[in-house]
Structure formats: C-alpha cells, structure tokens
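One structure below.
The values are calculated or read from the model by the stated rules, or taken from the named source; none is laboratory data. Please read these numbers as outputs of a predicted model, since none were measured by experiment. With ideal geometry, Cβ positions are generated from the backbone for all residues, glycine too; neighbour counts draw on all protein chains shown. Remember, those area values only see protein heavy atoms, side chains included, never the ligands or the DNA or RNA. Shrake-Rupley method; radii C 1.70, N 1.55, O 1.52, S 1.80 Å.
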Amino acid sequence: MGTSPLMRAVRITGHGGPEVLELTEVPVPDPQAGEVLVQVSAVALNNTDLWTREGAYGRPGDPKAKSGWRGPIGFPRIQGADVAGRVVAVGAGVEESLVGRRVVVDPAIYDTEGPDANPVGLMGSERDGGYAEYVTAPAERVHDVSESPLTDDQLATLPTAYGTALGMIERGRLRKGETVLVSGASGGVGLALVQIARARGARVIAVSSGSKIDAVREAGAHEVVDRAGDLAEQIRAAAPEGIDVALDVVAGELLGESLPLLREGGRWVVAGALGGYDVSFDVRRLYLHNAQVIGSAMHTPTHFGLLMDLARRAEVQPVVAAVFPLEQAARAQEELSRRGHVGKIVMRP
C-alpha cells in the first residue's frame with residue numbers, strides 16, 4: 001500500500017470547546033473482514049461535529065446531560081462523518097476490484113441490514129471518522145462514484161447534509177407540483193433541501209437571513225422570506241393557498257406558529273432544532289386537518305443509494321463555502337459555529 005504505519009488525525013479527548021480538538025499521530029487502521037480502507041481526499045463539517053464535541057444532544061429524560069448523538073462517546077474519538085476518497089486496501093471477503101475506486105462513504109450505522117434500516121449511530125461519533133488521512137468503513141457502505149463529474153470537495157459535502165435532506169423529502173412524500181417550505185435554507189441541509197425539492201418539481205419557499213437571500217434564490221428557491229420579519233405573514237403571502245410540505249431544521253417557534261399554514265393533509269418534517277426543541281402547538285391542527293408532524297433522522301440505505309445516483313449524474317451542485325487543511329480543524333469548526341457562510345465547509349488531510 002505504501003503508507004506509513006502512522007497517520008495524522010484530529011480527535012476529541014472529551015466534551016468541550018474547540019480546545020479539545022487535538023492533532024495527533026495514530027496507527028493507520030487495518031480493514032477488518034468485510035471492511036475497506038479509504039484514503040481520505042476531503043471531509044466535510046456538520047453541526048453534528050459541533051454538538052458531538054460539545055456533548056449537546058442530551059439523553060432521554062435529561063436533555064441537559066452531556067452526550068453524543070446516540071449516547072455516551074468513547075474517547076478519544078476521531079470526528080468526521082462525511083468522507084470522499086479512494087479505496088486503498090480491503091479486508092477479508094471484500095472484492096479486490098474496489099481498490100483504486102473513488103468512493104463516498106455512507107456514515108450511518110444502521111439498526112438492521114435491510115434497505116429501510118434506521119440510523120442508530122454515526123461515523124465520527126459512534127465510531128472513528130474522517131478527520132484523518134485514512135478511515136475504515138464496511139464495504140457495503142462505500143459507494144463507487146468514480147465517474148461523477150463532482151469534485152472530491154463537493155462529494156464530501158453529500159453524506160450527512162444531502163442524505164438528511166433526501167431522507168426528509170422521502171419521508172415527507174414530496175411530489176411534483178407541491179409547495180414546500182424550507183427553513184434554515186442557507187445551511188448545508190437547507191441548501192440541499194432547496195436543490196433536491198426544486199429538482200423534484202416542487203415550488204420552493206425558503207426561509208433565510210437578509211444577507212444570504214440571493215445565494216438561496218440562486219440555489220433554486222422560487223421565493224425567499226426573511227427570517228427577521230413576521231415569518232407567518234410572509235409565508236402566507238408567498239403561499240396564500242398553504243404549504244403542502246414543510247422541511248424544517250429549525251423547529252422552535254417556527255413550528256408552533258406556522259403549523260396552521262399547512263394545507264389539508266400537509267406534512268411537517270423535522271430534522272433539527274436550531275430554534276429550540278421545546279415546541280408548543282394546538283394539536284387540533286393535526287387531527288382536524290389530517291396533518292402530520294414527522295421526525296426524520298438522516299437517511300436509510302435506500303435514500304443514500306438514491307443520493308449517490310444524483311451524485312453520479314451531477315443532478316445536485318453542492319456549494320463549498322471554504323476549505324481548510326486538517327491541522328486547522330478547530331478554526332474550521334469555529335467558522336462553522338459562526339454561521340456566516342453559505343454552503344458547506346470542507347477539510348483536506
């Protein structure tokens with residue numbers, strides 16, 4: 001393989017601020033049976049990186065407890081869920097033909113082996129991730145994208161943000177011709193929602209801040225409303241007949257105040273709580289109007305396969321906001337936390 005027995009990696013030694021990120025040298029992992037070893041070309045950052053580092057997910061019955069995405073984290077942990085790279089070695093039982101292939105890794109750890117399995121863990125949280133020169137992954141979770149015209153940086157932006165977006169759209173059963181509301185539209189998941197919903201033939205109404213409205217409109221939104229104003233009033237003006245599907249990563253007051261804007265049989269899909277997780281609404285808006293509030297955590301294997309098909313055909317065009325070297329992981333995460341960018345932040349080992 002021609003690699004050093006050691007590799008550079010950035011890992012967290014405990015929950016805390018950017019200071020817990022350490023650049024170190026660790027052994028290159030050996031692919032076990034059924035696994036491949038991927039040389040990382042690019043790794044994208046996500047809010048999950050920040051919240052896992054901070055321990056901000058809480059636990060059932062104790063929302064303020066320090067916790068990773070699905071519970072306690074084993075430290076030290078190499079972060080990074082979103083990896084694009086090349087297969088450089090395979091473990092027992094894996095086809096040698098994968099070596100040399102350009103791949104994207106599905107970062108989810110699933111509860112079963114089926115095509116509709118639910119994610120119950122995440123690379124970079126429940127197992128070591130891609131803030132490193134190499135990472136191992138199950139062979140069935142690497143997708144060959146050798147023929148994709150997208151760059152490695154663009155490919156690395158897809159797994160969590162676009163996977164989460166496609167999972168929301170599929171669970172919300174968005175159809176051509178429907179009107180969709182996208183919250184947090186300038187972020188990684190938000191821009192992915194705008195692009196995929198537009199490609200599905202939906203009419204897209206996006207929520208963003210004034211300084212980012214043009215970029216969100218350029219990504220494909222038909223209408224963009226300013227989150228600094230009266231959102232319900234602006235949404236009602238943009239969609240006087242109501243919303244068919246809301247794709248929401250904000251929740252909080254937005255959900256409670258805007259749920260009445262759903263049409264009969266509308267679906268409100270929630271995959272984040274940037275605006276707060278404590279939500280109040282009149283439950284009669286659900287059962288009297290056949291509406292649904294749907295939780296959506298990432299994607300299924302089927303959803304991820306559909307996403308990789310989009311990547312191979314370049315039917316989505318991810319926006320890369322900034323690129324950092326691996327040794328500047330703390331600076332990259334600080335940039336992510338400021339939320340002044342549009343699109344995704346990427347690191348290159």
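Does segment 101-152 come out rounded, prolate or oblate by the C-alpha gyration tensor, with a ≥ b ≥ c the root eigenvalues, rounded set by a/c under 1.5 and, if not, prolate when a/b is larger than b/c and oblate if not?
oblate
If one computes the Cα centroid of segment 131-188 and of segment 1-69, what distance in Å separates the two points?
Segment 131-188 and segment 1-69 have Cα centres separated by 19 Å.
Based on Cβ point charges of +1 for Lys and Arg and -1 for Asp and Glu, what charge dipole magnitude is obtained for segment 143-208 about its Cα centre, in debye rounded to the nearest 20?
Result for segment 143-208 is approximately 560 debye, rounded to the nearest 20.
Please name whichever of V320, V216, G85 sits farthest to the positive end of the charge dipole of the chain, dipole taken about the Cα centre and charges placed at Cβ: Lys and Arg +1, Asp and Glu -1.
Ranked along the dipole, the leading option is V216.
Send over a whole-number figure in Å² for the accessible area per residue of the chain, probe 1.4 Å.
42 Å²
About the Cα centre, and with charges only on the beta carbon of Lys, Arg (+1) and Asp, Glu (-1), how big is the dipole of the chain? Nearest 20 debye, please.
Charge dipole, the chain, about its Cα centre: 460 debye, nearest 20.
Would you pull out the residues with amide H under 5 Å of V225's amide H, same chain only if 5 or more places away, H placed 1.01 Å from N?
A206, V207, S208
With 19 Å as the cut-off, how large is the P(r) tail for segment 256-349, expressed as percent of Cα-Cα pairs?
65 percent
Under 5 Å between amide H atoms, partner at least 5 residues away or on a different chain: which partners does I109 have, H built in plane at 1.01 Å?
Excluding prolines and chain starts, which carry no amide H, the hits are V120, G121, L122, M123.
What order, most packed first, do the peptides 142-148, 265-271, 193-199 have when packing is the mean number of other Cβ atoms within 10 Å of each residue?
So the peptides 142-148, 265-271, 193-199, ranked by packing, come out 193-199, 265-271, 142-148.
What does the C-alpha gyration tensor say about the overall shape of segment 287-326? Classify as rounded when a/c is under 1.5, otherwise prolate if a/b is larger than b/c, or oblate.
In terms of gyration-tensor shape, prolate.
Probe radius 1.4 Å, ligands and nucleic acids ignored: give me the carbon and sulfur share of the accessible area of the chain as a rounded percent.
48 percent
Which whole-number percent is the relative contact order of segment 253-327 (Cα, under 8 Å, 6+ apart)?
31 percent
Which ³J(HN,Hα) values, rounded to whole Hz and listed in residue order, are derived for segment 201-209 from phi using the Karplus coefficients 6.51, -1.76 and 1.60 in 6.51 cos²θ - 1.76 cosθ + 1.60 with θ = phi - 60°, glycine and proline given as x?
My calculation for segment 201-209 gives x, 8, 8, 9, 10, 10, 10, 8, 8 Hz in order.
Please report how far the C-alpha centroid of segment 235-265 lies from that of segment 268-322, rounded to the nearest whole angstrom.
Spelled out, the Cα-based centre of one part sits 14 Å from the other.
With a 1.4 Å probe and all protein chains in place, put E19, E327, E133 in order of accessible area, largest first.
I get E19, E327, E133, largest accessible area first.
Here are a few candidate values for Cα extents along the principal axes in Å: [x] 62, 41, 38; [y] 62, 47, 35; [z] 80, 35, 35. Which one was actually calculated from the structure I just gave you?
Identified label for the calculated read-out: [x].
Got the relative contact order for the chain handy, in percent, Cα pairs under 8 Å and 6 or more residues apart?
Relative contact order of the chain: 18 percent.
In whole Hz, with x marking every Gly and Pro, tabulate ³J(HN,Hα) for segment 69-78 from phi via Karplus 6.51 cos²θ - 1.76 cosθ + 1.60, θ = phi - 60°.
Residue by residue, segment 69-78 yields 4, 10, x, x, 9, x, 9, x, 10, 7 Hz.
Per residue of the chain, what 222 nm ellipticity follows from adding -39500 (n - 2.57) for every DSSP H run with n ≥ 4, rounded to the nearest 500?
Using -39500 (n - 2.57) per qualifying helix, the result is -6500 deg cm²/dmol.
Go through E334, E113, E35, E264 and list them by solvent-accessible area, largest first, probe radius 1.4 Å.
Of E334, E113, E35, E264, the descending order of accessible area is E113, E264, E334, E35.
Could you give the size of the charge dipole of segment 234-349 about its Cα centre, using +1 on the Cβ of each K and R and -1 on the Cβ of each D and E, expressed in debye and rounded to the nearest 20?
Rounded to the nearest 20 debye, it is 280 debye.
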